[in-house]
Each structure stands twice: as structure tokens, then as C-alpha cells.
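Encoded as C-alpha cells, the structure appears first; notes follow it.
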Amino acid sequence: MTEMLTGVCAGTVALVLLLAFAGHLRAPRTLPAALAAHRVLPGPLRWPVAVAVIALEGALGVATGYAVAAGRPHALTLAAGGAAVLFAGYAGYGWYVLRTRPSVPCGCATGPGGDTPMSGWVAGRAAALALASLVAVTGTTPAHGTHTAIAVLASVVFAVLLSLLPQAMFDPERQAAP
């Protein structure tokens, strides 16, 4: 059972990172524009930080996915540990921006008509993914067979739900209310 839980968490983390990477490749100006709206980083650092974060998402997503698929527990520990740090950083940064600059875009590149606004759902999703990454750090991978199939299917479901969560929870009417 532990192997299956680890596999689900690792698979979910890998898929969410790869979906984020793909979203940023599809809309490369979203993250730098959001960083400008957040007004946390100095102007000259926005593009380099955005490029580094996007590359890190892709690398950690591939590494985590590979480690799970290949049954490499040590590689899974390293990749999931990196993902845990990244997502914990996202959660902390999200909470900070939410408290200091409400009504700015999150930079997630998940919205079909643009970026999702920063909300508690964005920061909470990052915290949940940090926790899932910590579960995956155990480095146990599911044995091949039924457990792997269940872990893959559950990972896809959770990744889609977590990727769409901030956009689904956004209520434009509530945002526009005084």
C-alpha cells in the first residue's frame, strides 16, 4: 500500500510539473508578466528567474516521472526532494504575494483566457503538492502490475484536478464585487 501511495504522489507531482512546463512553453510571457505584477523581484531578474523556474519544472517533472517509471528509488528521492523544495517555495511565495498584492495574476499559465488570479487556492495547491512530493521522497515505487496501473490512473486524475483547481475556484463576479 505504501508503494502505491508513493507512486500516486510521485506520478501526480511529475504530471503537474510537466503540465506547468508545457503551459509556460505555450504562453512564455505569462510568468514574467506575473512577476512584474507581483513587484517582488527587481526588473532585470524577472526573465532569468522565469526561465530558471520553467526549466526546473520541466527537469524535475521528467526526473520524477523517469524515477517512478524505471523503479529508481534513489533518483525518486532526489527528484521528489527537489520538487518538494520548489513547491514549498511556490506556496510561501504565493501566500506572500496574496497578502501584499491581491488581485494579481499567479503566473501559472493555466487559464484558457489568460492567467489565473493569485488566490489561496494557488498557494494551497502548491502546499498540497509539496506534501505529495514529501510522500514521494520515501523512494518506494510500486511493483509492476495492477498497483502500477492504479497509481498511473490516480496520478492522472489528481494531476488534472490540481492543475485546474485555481481556475475552477475563481469566481469573476466575486472578484469584481467591491
Using the structure shown, decide if Ala69 is part of a helix (DSSP H, G or I), among the small types (Gly, Ala, Ser) and surrounded by fewer than 18 Cβ atoms within 10 Å (Cβ to Cβ).
yes
Might you check whether a residue that is closer than 18 Å to Thr116 by Cα, at pLDDT 95 or above and in a helix (DSSP H, G or I) occurs anywhere in region 6-16?
no
Residue in region 21-30 that is of a type in the set (Ser, Thr, Tyr) and either more than 15 Å from the chain's Cα centre (by Cα) or over 15 Å from Ala136 (Cβ atoms) (or both) present:
yes
Determine the pairs where a residue that is over 13 Å from Ala79 (Cα atoms) and of a type in the set (D, E, K, R), located within region 3-22, has a partner that is at pLDDT below 85 and in a helix (DSSP H, G or I) with Cβ atoms under 8 Å apart, the partner being 6 or more residues away or on another chain.
Glu3/His147
Among residues belonging to region 97-108 that are surrounded by fewer than 21 Cβ atoms within 10 Å (Cβ to Cβ) and touching a helix residue (DSSP H, G or I) at 6+ places or on another chain (Cβ under 9 Å), point out the one that is modelled with the lowest pLDDT.
Ser103
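Quick one: which residue in Gly43, Gly92, Gly111 is at pLDDT below 95 and either farther than 17 Å from Phe21 by Cβ or not small (Gly, Ala, Ser) (or both)?
Just one listed residue meets the conditions, Gly43.
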Taking Leu60 as the residue in question, decide whether it is in a helix (DSSP H, G or I), surrounded by fewer than 22 Cβ atoms within 10 Å (Cβ to Cβ) and either at positive phi or hydrophobic (A, V, I, L, M, F, W, C) (or both).
no
Among residues of region 23-39, those that are touching a residue at least 60 places away in the same chain (Cβ under 8 Å) and either aromatic (Phe, Trp, Tyr) or not in a helix (DSSP H, G or I) (or both), counted:
2
Being aliphatic (A, V, I, L, M), under 16 Å from Cys106 (Cβ atoms) and surrounded by 22 or more Cβ atoms within 10 Å (Cβ to Cβ) narrows it down to one residue among Leu31, Leu41; which is it?
Leu31
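Got a sec? Which of Gly23, Gly11, Gly81 is among the small types (Gly, Ala, Ser) and buried (at least 23 other Cβ atoms within 10 Å of the Cβ)?
Gly11 is the lone residue from the list that is among the small types (Gly, Ala, Ser) and buried (at least 23 other Cβ atoms within 10 Å of the Cβ).
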Within the set of pairs 6+ apart or on separate chains, which have a first residue in region 129-142 that is at pLDDT below 90, a second that is of a type outside the set (Phe, Trp, Tyr) and assigned to a loop (DSSP other than H, G, I, E, B), and C-beta atoms under 7 Å apart?
Thr141/Gly71
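The values are calculated or read from the model by the stated rules, or taken from the named source; none is laboratory data. Quick caveat, the model's predicted, so the values are computed rather than measured. Glycine gets a Cβ as well: all are built from the backbone with ideal geometry, and neighbour counts include every protein chain shown.
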